Structure formats: structure tokens, C-alpha cells
């Protein structure tokens with residue numbers, strides 16, 4: 001037995017096929033549902049497919065200009081917009097934002113906000129720059145070993161012959177492991193030998 005939802009999820013009939021009795025019944029039911037919705041009597045319970053189709057039908061009707069607001073509702077919307085523009089209370093009772101009244105203030109307010117924001121940002125950058133930790137100075141007579149400052153890779157990989165050109169990945173791994181070992185030595189030395 002077919003249900004109403006089978007029409008939407010079932011196979012699509014051909015354009016020249018005669019509508020079935022179930023399709024006609026569903027079309028009549030849906031037309032009644034649309035009429036009730038446009039009259040303001042939308043049923044509280046309906047299938048999700050019907051609800052989606054009704055929303056689409058309502059949007060199409062509104063976009064085509066077929067829906068007119070009553071004159072009292074139009075007047076109310078316009079009056080609320082005008083009240084908000086001058087800083088009054090809307091008919092819903094909410095207080096609208098108060099606009100800047102003086103023309104001089106309106107002209108300088110954005111510049112004042114931008115200037116204050118720039119000053120705050122500059123102060124933050126300056127504070128970060130001044131508070132940046134300085135690297136500790138080496139003690140007298142203590143110099144950084146050359147192997148910590150410069151680690152040549154030639155002794156690690158040796159001469160690269162034509163037969164070993166395609167082994168670049170292995171050479172990079174050896175160089176990386178050496179650099180990592182050097183980093184560990186520096187870190188352990190600076191922490192007094194503790195890991």
C-alpha cells in the first residue's frame with residue numbers, strides 16, 4: 001500500500017503519463033493545505049516533506065509580489081522604523097539605540113574611535129617589544145663552542161657520487177639527526193646537564 005510520502009520518494013513518472021489516483025489525491029490534499037496556510041490556518045502537525053513544500057510555496061508567492069500586508073501592519077512597520085531612526089521606543093516596547101545628535105560629533109566620532117584603537121594597538125606592540133626576554137649573556141671566558149654555532153654536513157654525508165645521487169632522503173635523515181643531537185647538547189648544557 002502506497003503512502004503520501006511514496007509520491008515524493010518513489011520513481012518519477014514520465015511527462016506524458018496520466019496521473020494516478022494517489023497522485024491526484026495527494027495534489028488535492030496539498031492544495032487544501034496551501035489554501036489553509038495562506039488563510040493563516042496552518043495545521044500544527046504535518047509531514048516534513050509537506051512542511052518543506054509549503055515553505056517553498058510561501059516563498060515563491062512572496063517573491064512574486066502576491067502577498068500584501070494589511071495597511072495597518074504596513075503603517076506599523078514604517079512607524080517603528082522611523083522611531084528607531086530618531087531613537088524612540090518601538091511599538092514592541094524595545095528601546096532603540098540613541099543616535100549621535102550633533103553633526104560635529106557624528107563627523108568626529110569614527111575618527112576618535114579609530115585613533116583610540118590605534119593608540120591601544122601601538123601600546124600593546126610597544127609593551128610586547130619592551131618585555132621581550134633578552135638572551136642570557138655568556139659568562140666571562142665562556143664561549144659557545146664552534147660545533148654549536150656551525151655544524152658542517154660534509155663529514156656526515158661525504159662525497160656524493162653518481163651511484164648514490166638517489167639517496168638524498170637518507171642523507172637528509174643523517175643531517176637532521178646530527179642537528180637534533182646538537183640541539184640536545186646545547187639544551188642539556190644550559191640546564192646544567194638536566195634533561
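Points to keep in mind about this one:
- Rg followed by Dmax, in Å, when the range 5-63 is reduced to its Cα trace: 12.7, 36
- Label-to-label distance for residue 121 and residue 35 is 6.3 nm, based on points extended 7 Å past Cα in the beta-carbon direction.
- Residues 128, 46 in ascending order of nearby Cβ atoms (within 10 Å, fewest first): 128, 46.
Quick note: the coordinates plus some simple rules give every number you see, no bench work behind them. In this text the structure is predicted, and so the values were computed from the model without any measurement. Cβ atoms come from the backbone with ideal geometry, glycine included; neighbour counts cover every protein chain shown.
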